[in-house]
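Notes follow once the structure below has been shown.
The values are calculated or read from the model by the stated rules, or taken from the named source; none is laboratory data. Keep in mind it's a predicted model, so treat the numbers as computed, not measured. Ideal geometry is used to build each Cβ from the backbone, glycine not excepted, and the neighbour counts take in all protein chains shown.
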Amino acid sequence: MKIWNGYGSEHSMNLVMIGHFKDATAAETALDTIKAATDAVQKEADAGRLVMGEPTDRFTDEMLKAVGDLRLHSVGARELEQFLYDVRAERRGDQVVLETDEVEVQVFVKLLLSQGARIEMYSAHDHPDGAESE
């Protein structure tokens, strides 16, 4: 039996990220890109070329092609595993809403920005009814 003893402040982020787009078509395109990138990274993981918790500095040929095809030029190889995290993504009109308990979300920030989004992020712990309106 292995007993783990450690200290930390790890808890769920309960993060909400909203990408605001100029219209529903742009939001749908961004959501499709998230799904395609997630599928490509999942294939890498299934083939054993990407292992969660073991980041790499290099793209495989397959992943380099996928990243190029999706025009995700600002995404680094070390960030790819974030597509495997538990992130719920859906389109709501001209918005793409992502919800996760993860803190590592920069790949999604980069993807949404590259698709033309204005991004809003907040903790649903602190703002359970959504971000404050001004």
Residue match in the range 73-81 (condition: of a type outside the set (Asp, Glu), in contact with a Gly (Cβ under 6 Å, 6 or more places away or on another chain), in a helix (DSSP H, G or I) and crowded, with 16+ Cβ neighbours inside 10 Å): no
Failed item in (1) modelled with pLDDT under 95; (2) exposed (fewer than 11 other Cβ atoms within 10 Å of the Cβ); (3) under 21 Å from Glu120 (Cβ atoms); (4) not basic (Lys, Arg), with Met1 passing the rest: (3)
Test: residue in the range 44-57 that is without any contact (Cβ under 8 Å) to a residue 24 or more places away in the chain, over 24 Å from His125 (Cα atoms) and in a helix (DSSP H, G or I): yes
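Within the range 82-94, can you find the residues that are within 14 Å of Glu44 (Cβ to Cβ) and either outside any helix (DSSP H, G or I) or not polar (S, T, N, Q) (or both)?
Start the filter on the range 82-94 by keeping residues that are within 14 Å of Glu44 (Cβ to Cβ), which leaves 82-84.
Those that are within 14 Å of Glu44 (Cβ to Cβ) and either outside any helix (DSSP H, G or I) or not polar (S, T, N, Q) (or both): Phe83, Leu84.
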Qualifying residue in the range 115-130 (condition: touching a residue at least 12 places away in the same chain (Cβ under 8 Å), under 11 Å from the mean Cα position of the chain (by Cα) and at negative phi): no
Flag if Met13 is closer than 22 Å to Gly130 by Cα and either without any contact (Cβ under 8 Å) to a residue 40 or more places away in the chain or not in a helix (DSSP H, G or I) (or both): yes
Residue within the range 83-93 that is of a type in the set (Val, Ile, Thr), free of Cβ contacts under 8 Å to residues at least 60 places away in the same chain and within 19 Å of Ala37 (Cα to Cα) present: yes
Odd one out for Gly76, checked against (1) over 16 Å from Asp32 (Cβ atoms); (2) within 11 Å of the chain's Cα centre (by Cα): (2)
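Residues to consider are Leu111, Leu98; find the one that is modelled with pLDDT of 95 or more and within 12 Å of Ala37 (Cβ to Cβ). Show your work before the answer.
Numbers: Leu98 fails: within 12 Å of Ala37 (Cβ to Cβ).
None of the others qualify; the one that does is Leu111.
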